[in-house]
1. Under a 5 Å amide H to amide H cut-off, with H placed in plane at 1.01 Å, what residues pair with LEU624 once short-range neighbours are removed?
2. Express in nm, to one decimal, how much length is gained between ASN327 and GLN306 on full extension, taking 0.36 nm for each residue of separation and deducting their alpha carbon distance.
3. Rounding to the nearest 10 and keeping the result within 0 to 90°, find how far the Cα-based axis of helix 62-73 lies from the longest principal axis of the chain.
4. Which trypsin sites (Lys or Arg not before Pro) does segment 235-266 hold that lie in a coil by DSSP with at most 12 other beta carbons within 10 Å?
5. Under the classification rounded if a/c is under 1.5, otherwise prolate if a/b is larger than b/c and oblate if not, where does segment 499-744 fall, given a ≥ b ≥ c as square roots of the Cα gyration tensor eigenvalues?
6. Okay, helix-only estimate at 222 nm for the chain: each DSSP H run of n ≥ 4 adds -39500 (n - 2.57), divide by all residues, round to 500 deg cm²/dmol; what do you get?
7. Could you calculate the contour length gain from ASP197 to PHE622, that is, 0.36 nm times the residue separation minus the distance between their Cα atoms, to one decimal place in nm?
8. From the backbone phi of segment 670-676, what are the Karplus-calculated ³J(HN,Hα) couplings (6.51 cos²θ - 1.76 cosθ + 1.60, θ = phi - 60°) in whole Hz, Gly and Pro given as x?
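Please treat every number below as a calculation from the coordinates, not as lab data. Model, not experiment: these values are computed from the prediction. Note that each Cβ is placed from the backbone with ideal geometry, even for glycine, and that neighbours are counted across all protein chains shown.
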Amino acid sequence: MCVSLFVLGWALAVAAGVGAQPRQAPQRPIVIRDLVIEGNRRVQEAVILGRIQSKPGSAFNPSQLSEDVRGVFGLGFFDDVRTRVEDFEGGVKLTFQVVERPFVRDVEFSGDRRISSETLREKIDLKLGVVYNPVEVQRAREKLKDHYEEEGYFEVQISPETEAFPDGDVKVVFAIVEGRRITIDKIVIRGNRGLSDGKIKDVMQVQERQYFILRGTLQRQKLDEDVERILALYNDHGHVQARVEATDVAVDRDRAAVTITIRVVEGPQYRVGKVNVTGATLLPPTEIMRQIKFKTGDVFARSKVQEALRNIRDLYSTIGRASAEVNPRSEQLPNPPRVDVTFEVVEGPEVYVERINISGNVRSQDKILRREIPLSEGELFTLQKMQRARQRLINLGFFETVNVTTAPGSDKTRIVVNVDVVERPTGLFSIGGGFSSVDSFLGTIDISQRNFLGRGWEVSARIRAGARTQQGIVSFTEPWFLDRPLAVGFDLYDTIRQYPEFELDSLGLTLRMSHPFADFWRWLLQYRVTRDKISDIDSRASADLLVEEGSRITSLVAGTLVRDSRDNTLAPTKGSNVTLSAELAGLGGDSKFFRTIGSASTFYPLWLSHVISGRVEAGYGFSLDSGRLPIFERFYLGGPNTIRGFKFRRVSPVDDAGVRIGGDTELLGNAEYIVPLPLNIRLAGFFDTGNVYGFGVKFDPTDLRYAAGAGVRWLSPFGPIRLDYGVNLDRRTGEDFGAFHFSVGSPF
């Protein structure tokens, strides 16, 4: 700080005068007449002045001037701050001279071959436009080094350098020498007696081998997380006092490999002692104890305690007591080592929905979601209704993800339900081609919108043309007619299909309505009128089949009862689907018949997200006049959705000429085992059985056809795509060994 000699001498004279003449009146203070900022290029003057308490017109105070210098420094924008005091118009002029720090105009990386610059830039806090600070640059260097070591590059060398621009700003360049990626030679477990090396390694993310062939790489963060996994594993095997003493990493520079040594102290193995529940009055103790999946004498497992805790809370939530508190209290006893567990229940009051918040719906109107949620404000909250709400929103098909969570309300009797969705595209316009094992090659034009105008309307138009099938269809569905859960709609279509035995041309209109009731149930009613034309019947066919040639009008009503509790209609993993339908034709027209079909499928989740599923189905139909069931209403099996060891409609009674003529009765059974893989791919193994009876084949439920095979499923953005190959297990003369099927959708 520089102060003029005049001002300094004047101040000394005043001080001396005061000492010599104590009775003299005090001198007038020195007044600041002007204040100037010099040297700032980017930092606005107002920002600097905001840190200076000395103001023009106020008395000059050297102590305050020192505080002002510290305040300007505190902005962090300057390398140097100096002050100058000069005589000016009977007072003084204060000048603050600043030297700005350079700004970081660019950040670059050189030598980064294995990790992209974009990834490295995300790992540091050094952003463009900030003031250059060597401390922050070194901190960024350490973060980059940590990231490289997490990826296994322990030899990495990172040198930050600066390059100055003509205006004084700088570019920071991190020069990187990545070195070799250090792989894991072996993982050694020390101190374990109760658990094998293999069991411990199975829970670790850090592995000696990846995909059974490639050596794994050491990542420090994953190794730290593995310590917690190992402790959780020991806690689930009764070793509640287990600890990991050390994780040593020995690097062999010559071989670019590391040996990881994990030292554990297991402690004694504890078993379950007494198991008690206290505070429960609303539910029978036996019902609560059923939620606890361990008993006295079992090896103690913390995860089972947490599972019991969730089960008891969920049980109380089913009776509207979502505020129930369950506190597990455990007591360790040494001789013999055991843990007594007591679940202390505070049942709390009934809980009502205070508010339902919906977020994430950009196109869909709020009411489209709210009408699918079986909860409303002021209603008693139950866990089943919350789970049902999520399932119904998923099954709409409008959303990529649906999360339904709860939060405490204004008091213990209130709860807030939060519904967060991520919308998916629901419209489709496509012109293209495809192939299926049923229809061969197809050209298609599809226009559809499953959430038209955000109101939930389903509108579609489709044209298909191929070697075996030509189809045009227009459909509309209003799922909530008059704001009631009554779905109404229509389908107008014309379909020409070439079967091996004949050609069918159907022009028709279907009017339909459906309504849900109770949980998972829905009834459906429809009226269908069609003009069905049969032509090109196989010339070898019997007279009974040849009489089917020509046109007829079919007018029928149909009713269907459905119970669908599947968690996902496209790729179900649990739940069931039961359907019972009946059709009556004869309300005018030429066809008079009755037909009914019953079907039940179930899906059960197993370990590691594996799924086992099965279906049984039976159908029966008969004519209401002296004729037979129309050929286009008869039963056939075979194809991608029935018995997969046979091509489409190949399981059927035949006439004397060997032409398949269909049947009036069918039995069908399917079993399938699903193994999930990454990228929405699943493997399937299946077993199918069934047969078609009537018109020369006596009904005998023991006379069945069998097939088994395997397939691949891909849950694509356009729906589930399936590739299956089924083997005919009871091959007969003239039949194929098996059949390949390519199709879209779930098999059942």
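1. LYS592, PHE593, PHE594
2. Details: separation 21, 0.36 × 21 = 7.56 nm, distance 1.01 nm.
Taking 0.36 nm per residue and subtracting the Cα distance, the gain is 6.5 nm.
3. In the chain, helix 62-73 runs at an angle near 30 degrees to the longest axis.
4. Working: sites: ARG243, ARG253, ARG255, ARG263; in loops: ARG253, ARG255.
Within segment 235-266, the qualifying trypsin sites (Lys or Arg not before Pro) (loop, at most 12 other Cβ atoms within 10 Å) are ARG253, ARG255.
5. oblate
6. Details: 12 runs with 123 residues, N = 748.
After summing the helix terms and dividing by residue count, I get -5000 deg cm²/dmol.
7. Numbers: separation 425, 0.36 × 425 = 153.00 nm, distance 6.66 nm.
Result for the pair: 146.3 nm of gain on full extension.
8. 9, 9, 8, 10, 10, 10, x
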